[in-house]
1. For labels at residue 4 and residue 107 in the simple 7 Å Cα→Cβ model, what's the distance in nm?
2. So, in the stretch 100-162, how many Lys pairs have Cα atoms under 16 Å apart, if the pair is 8 or more places apart or on different chains?
3. If you place +1 on the Cβ of every Lys and Arg, -1 on the Cβ of every Asp and Glu, and leave all else neutral, what size is the dipole of the chain about its Cα centre, to the nearest 20 Debye?
4. Per residue, how big is the convex hull of the stretch 3-77 when only Cα atoms are used? Give it in Å³.
5. Using all C-alpha to C-alpha distances in the stretch 100-162, build P(r) with 5 Å bins and read off the rounded percent in each one.
6. Of the listed values (1) -0.78, -0.84, -0.98; (2) -0.22, -0.28, -0.49; (3) -0.60, -0.62, -0.73, identify the label whose number matches log10 I(q)/I(0) by the Debye sum over Cα atoms at q = 0.08, 0.09, 0.12 Å⁻¹ calculated from this model.
Amino acid sequence: MSSVEFNQMLLSNADFLKPFAVNLTRDTEAANDLYQETLYKALANQDKYNSGTNIKAWLFTIMRNIFINNYRRKAKQKTIFDSTPNDYLINQKQATVSNAAESDMRIKEIKNAIQQLPEIFKTPFLLYFDGYKYNEIADVLNEPLGTIKSRIHFARKLLKEQISRF
């Protein structure tokens, strides 16, 4: 089969590919890309087509295989498309100034709330806050491990109630 005959046969059967491409991709832009890539592969692999066989089935197979390969490639890449605007890149060279006064007020509020805790909760909480493990705190205070855990839990709960959220 000559190239001219193959091209005419390809063009006469290409219209059936567009609805199939839309059905596969569910997107008109992606369908157009898939359609073009299918026609390109068909032209590039013209020598692999056996004359007398069903050209529609051959073209559908090419399109389906391209779609599957692209899908697998995207799944391997695990590409995440970020459609949010990149406004943070505007004025990138401007320096930001942090407000230390607000964080200082927050730290004072937390320290004040810790100091207001009942002594039974404050001591284990401060030891835990300093980095001691539960069993170390239990040994130092000669209390059971479960008691230490519950006192630290209740200290956290009281602190959450006392500290106002912004």
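Here, each number is a calculation from the coordinates, and none is a lab measurement. In this text, all values refer to a predicted model and were calculated from it rather than measured experimentally. Please note: Cβ atoms are built from the backbone with ideal geometry, for glycine as well, and neighbour counts cover all protein chains shown.
1. 8.7
2. Close lysine pairs under the 16 Å cut-off: 10.
3. For this selection, approximately 360 debye.
4. 87
5. The percentages, shortest bin first, are 4, 19, 27, 20, 15, 9, 4, 2, 0.
6. (3)
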